[in-house]
Each structure stands twice: as structure tokens, then as C-alpha cells.
Amino acid sequence: MAKSIEEINEKIKQGKVVVLTAEEIIDYVEENGVKKTAREVDVVTTATFGPMCSTGAFLNFGHSDPPIKMTRVWLNDVPAYTGLAAVDAYIGAAELSETEGMEYGGAYVIQDLISGKPVKLRATAYGTDCYPRREINTYITKDTINQAYLFNPRNVYQNYSVATNSSDRVIYTYMGKLLPNFGNATYSSAGQLSPLLNDPYYRTIGIGTRIFLAGAQGYVAWCGTQHNPSKERLPNGTPIGPAGTLALIGNLKEMSTKYLKACTFHGYGVSIFVGVGIPIPVIDEEMVQFLKIKDEDIYTEILDYSVQRRNKPSYGKVNYKQLRSGKITVNGKEVQTGSISSYYKAREIANLLKDWIKEGKFYLTNYVAPLPAEERIKGLEIVSQEELY
Amino acid sequence: MPSKRLVLTFPENIVTKPITYKLVKDFNLEFNILRAEVTPEMEGKMLLEIKGASEQIEKGIEYLLNEGVSVQEASKDITLDKEQCVHCGLCVSLCITNALSLDEKSYKLNFNKEKCILCGFCQNSCPVNAIKLKM
């Protein structure tokens, strides 16, 4: 007995929809069984709140008088990319400030825009007959510019590796500060709450899916960069390490800094915590089998981040229950763990999305096209032009 | 008499050596162990106050470094900015005394100052700069 998105949306309209979070569904299935759960539950909300460097915003500033075709642009001294039409630009979260270095960057500009703070805009140009101005210095807010939308090439990683450090010195990575001699280990996925771990084969999440993005209603725009669905999987469907990814889009002007927060990883650079929530329709019993996944069913690999190579040596596999317990064993040694994504915030978002759906503020969508199911990730080889063929 | 508050980190292979005793015997230093956390097969950490002639203190530190003990000056205070904290728990992995921990039910970050030995391991770890150390 399959349930359609249209049927679920009708229930949302009538205020009769049954929604659980990806945490709540675990006990529910245990008590009621798969069949009954598939009949009674309509939607399961998933979420994550972690640093996602591949995040940025497209901005259209509007035209000055006389107008300018910007060739270089800075927002609060952070360079943005403007190799587009006259006043279009893209500000990447990981871009560093030219005056403050890692203390400030694109992520902080995005955060300042969302919170309504004034942002200093400086641009230079070569000047043309139609765009004579060669320089501009002014201030903007999200309300004074035409468009501002987040377009994130890679978010919501389907699982991620654990990072540790076998060397004899402290290393500073995008997985945080790693102490020498396996002094600690850090991980990132929201595990049992994580969107793509609850729909491991992308049966319901696809291009066009409506989502919660940093407090606004956004959409899945495409598969994310480095989307790698061919990653080795367990019989329950979950990949053992980084696999699928999503490209997301949403209106920055409707977002909240409660669900999007700029951050700096000391010695590494600027990134941004992005809050994402994705509703998964309980279309059939098979979907319940995927949704009942819990932390102990999801495994990932422990990698040595002190090895500065593309492929890092593995120290075995662990599950998320072990990781969340605060201690794992690496190389025979007990090692303290810490998460770089916030389970507390992920849970908050899953509950908020649940409320939105129950209150009729959020309707589900059928995807427009599925995500690629078989792509494989490629490396970058250093070759001559002849070697390329 | 000059004094210094130091955080000593003992690698696992020398945790059991009587190193602090030598500070008294060979360098004539008085010491006061303010906090210590030593677990077998893991690193040991100690917050130590040493008193003695400046020259002897310097020599004592040199001796410790030669023995493979890492020595740093203790921070004076650590504060957690609850407005900034996003409760990720990255700092938890660095906190050897569990002064920083995630609540088992709510997954909110707790900071129990009583347990903190001011070792400074959490320094430069917070991505949203919610942990502030005074040196």
C-alpha cells in the first residue's frame, strides 16, 4: 500500500498529518512494527547542523548612477566573484578577509547580511561606454539589494569520516584541533537524524525537493559536488563514509542566524554552520525500513589526518553510538571523541520542521528528477596534455 | 619568592617516572600540585605551582622538557559564552577532565568549572569562539 505525496499534502491541509522526527520513529517502529508505522505515520523529519564550506550566496546589488560593470568586488574587505553580469556577484563562505585574515570571511559577510547589518561594498571596473563608472564605495543591507540567495554547491554529506592524528604534533584541520598521538578524534554526521542516511538510496530526496534551509524554505537544486553514491554500503543501505551530497538553494533574505552561523577553524580557515532539515514522506513499508535506522547501525571509517595525502590510512570502523558515547578505541588506545556538527541544533531543526508541517506551513514535494545513483568520485591527476588521452 | 603556575603534560611512556620529586631534590623548588589527572596508558596532566629562585625555576623547566614533558604556562581563567555556543561538542574531545561535556539527554554543552584544570587544550578549538582563555 503506497502513499502519495498528494495524499500526504491533503492530510497536511486538513490538519490530520502524522509527523515524527527521525529520532522518534526509531522507538515508534520498535513498538508498532513496520506495517502499522507505514500506515499511521506520514512524514519523518531529518536534520543536520554542521560546518559546510561549500556554501555561498549570489547577490545582485542593483545599478548605481552612473552605472558600473564590476570587475572586482569586496564586501567588508572580503573578495567576491563578479565574473558575471554587471552587478551580479557570488560570495563564498570560505573566502578570507584581505584585512583580517581568518578572523573574518565570506561566511561572516553572509551572517551579517542575514542579521540585517550594513555591509561595506567596494568595487572597481575598467569602464565601458554603457558602464562608465570605474569605482564605487557604498553600503548595503539585505533589504537594499535586489536579490540575495544562498546557492550551496555541496551540503548535507551522507556520512563523513572520523578524524584523528597519529603524529607527534598538534594539527589544525577542518575537522578541528587534533592532538598528537591519537589524543582525540572528531566526527561530523548527525547520524540517525541525518537526512541522506534516512533515505540512503534517494528514493524521496531528489532535485526540486522542498527543504528547510537556515530558517527559510529552500530547495534541492542538484546533486552536490563530489556526490559519490557508489561508496561501499552496509546491507541497511547506509554508506560507510562520505557518499551522496546535495546542492541547495534558498532565499537569504528569509533566513535566520539561529540556523546559519559563521565559524573559524583555527589554522584552517573560515567555514559556516548550515542548518538543513529535510522531510521524508513515509511512502511505503520499505521507506520505514530505512527510516528506523539508528546510530548503532551507521558505520564510518577512522582516518589519520596527519598523513597529508589524498588517501589517508584507516584505523578501522566505528558506529555513531560508539562515537556519541565520548570514547572510541583507536590503535588499541582509548580516545576521546567530539562532534563538529551539533546534534542539539539538528534535533531543534527536526522538531521545528515537524511543527511547520503539522501547522500547515510546509508542504511536501515530489522531486522533479532523481539524484544520480551511480556516479563515482574522481581525483585530480597531474599530467601533461599528451598523458590526458 | 618567585612562583609560576604550569601545566605539565606527561606522555604515556613517562607517566610513571618520579619526575616531580626531582624538582625538589635537584633544583630546590617547592611545589604544590593544584590539579592532576593521570590515567594509565594515557597522557598525564598536572597543574603545578612551583616556587623557588628564578634561575632554579628556569633550570627545572629545562629538566622537564629534556625528560619529554611538555610545559606551558597555565591560563588564568576560562569562560564559556553561552550565547555564541552552538553545542557541537568539538571541545569535549580535547577536555581531559570532562569539565566540558555534552548532556546525555539534551546534547547541550555543559561547562563544569570545578573540574577544569586550566590546561588550555581547548584553546583555539572553538569554531565560534565561545571558549575564551585568559593567559
(request) For A:Gln308 and A:Glu359, calculate 0.36 nm times their separation in residues minus their Cα-Cα distance, and state this gained length in nm to one decimal. (result) 13.4 nm
(request) Could you check which residue among A:Asp297, A:Asp284, A:Asp27 shows the biggest mean-square fluctuation in a GNM of chain A with a 10 Å Cα cutoff? (result) A:Asp27
(request) Count neighbours as other Cβ atoms within 10 Å of each site's Cβ, and list the trypsin sites (Lys or Arg not before Pro) in segment A:1-81 that are DSSP loop with at most 14 such neighbours. (result) A:Lys16
(request) Please identify the longest segment of chain B free of exposed GluC sites (Glu not before Pro), where exposed means a DSSP state other than H, G, I, E or B and no more than 11 other Cβ atoms within 10 Å. (result) B:42-82
(request) For chain A, set up a Gaussian network in which alpha carbons nearer than 10 Å are linked by springs, and say which option among A:Gly92, A:Gly56, A:Gly316 fluctuates the most. (result) A:Gly316
(request) Leaving ligands, DNA and RNA out of it, report the carbon-plus-sulfur percent of the accessible area of segment A:62-145 at a 1.4 Å probe. (result) 49
(request) Within a 10 angstrom radius of each residue's Cβ in A:172-183, how many Cβ atoms of other chains show up on average? Whole number is fine. (result) 4
(message) Give the separation of the Cα centroids, segment B:43-85 to segment A:310-389, in Å.
(response) 38
(request) Enumerate by residue number the chymotrypsin sites (Phe, Trp or Tyr not before Pro) in segment A:86-171 meeting two conditions: DSSP loop (anything except H, G, I, E, B), and at most 10 other Cβ atoms within 10 Å of the site's Cβ. (result) A:Tyr126
(request) Within a 10 angstrom radius of each residue's Cβ in A:184-194, how many Cβ atoms of other chains show up on average? Whole number is fine. (result) 2
(request) Using a 1.4 angstrom probe, figure out how much accessible area segment A:62-145 has per residue, in square angstrom, rounded to the nearest whole. (result) 49
(request) Starting from the Cα gyration tensor of segment B:3-73, take the square roots of the eigenvalues, sort them a ≥ b ≥ c, and report rounded, prolate or oblate (rounded when a/c is under 1.5, otherwise prolate if a/b is larger than b/c, else oblate). (result) prolate
(request) Could you work out the local net charge near A:Tyr299, counting Lys and Arg as +1, Asp and Glu as -1, over the other residues with Cβ closer than 15 Å to its Cβ? (result) +1
(request) Mind grabbing the interface size between B and A? I mean buried accessible area, both sides, 1.4 Å probe, in Å² to the nearest hundred. (result) 2200
(message) Could you work out the relative contact order of chain A? I mean the mean sequence separation of Cα pairs under 8 Å and 6+ apart, divided by the number of residues, in percent.
(response) 24
(request) Please give the helix B:54-66 orientation as an angle from the longest Cα principal axis of chain B, in degrees from 0 to 90, rounded to the nearest 10. (result) 70
(request) Return one number: the angle in degrees, 0 to 90 and rounded to the nearest 10, between the long axis of the Cα atoms of helix A:343-358 and the longest principal axis of the Cα atoms of chain A. (result) 80
(request) Over chain B, calculate the relative contact order: mean separation of alpha carbon pairs under 8 Å at least 6 apart, over the residue count, as a percent. (result) 26
(request) Multiply the residue gap between A:Thr71 and A:Asn146 by 0.36 nm, knock off their C-alpha separation, and tell me the result in nm, one decimal place. (result) 25.1 nm
(request) Note the per residue figure in Å³ for the convex hull of the C-alpha positions in segment A:98-240. (result) 208
(message) Loop only by DSSP, 13 or fewer other Cβ within 10 Å of the Cβ. Give me the trypsin sites (Lys or Arg not before Pro) in segment A:151-218 that pass, ordered by residue number.
(response) A:Arg169
(message) Please compute the per residue accessible area over segment B:3-73 with all protein chains in place, 1.4 Å probe, rounded to a whole number of Å².
(response) 56
(message) Tell me whether chain B comes out rounded, prolate or oblate; compute the Cα gyration tensor, take square roots of the eigenvalues as a ≥ b ≥ c, and use a/c under 1.5 as the rounded threshold.
(response) prolate
(request) Quick one: pull the percent of accessible area on segment B:77-134 belonging to carbon and sulfur, 1.4 Å probe, ligands and nucleic acids left out. (result) 45
(message) What does the structure give for B:79-86 when I average, per residue, the other chain Cβ atoms found within 10 Å of the residue Cβ?
(response) 2
(message) What does the net charge come to around A:Gly215 if you take all other residues with beta carbon closer than 10 Å to its beta carbon, with K and R at +1 and D and E at -1?
(response) 0
(message) Please report the net charge: other residues with Cβ closer than 10 Å to the Cβ of A:Glu30, K and R +1, D and E -1.
(response) 0
(request) Return a whole-number percent for the relative contact order of segment A:18-132, with Cα pairs under 8 Å and 6 or more residues apart as the contact set. (result) 24
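The values are calculated or read from the model by the stated rules, or taken from the named source; none is laboratory data. These numbers were taken from a predicted model, which means no experiment stands behind them. Reconstructed Cβ throughout: ideal geometry from the backbone, glycine too, with neighbour counts over all protein chains shown. Heavy atoms of the whole protein, side chains included, go into the accessibility calculation; ligands, DNA and RNA do not. Shrake-Rupley method; radii C 1.70, N 1.55, O 1.52, S 1.80 Å.
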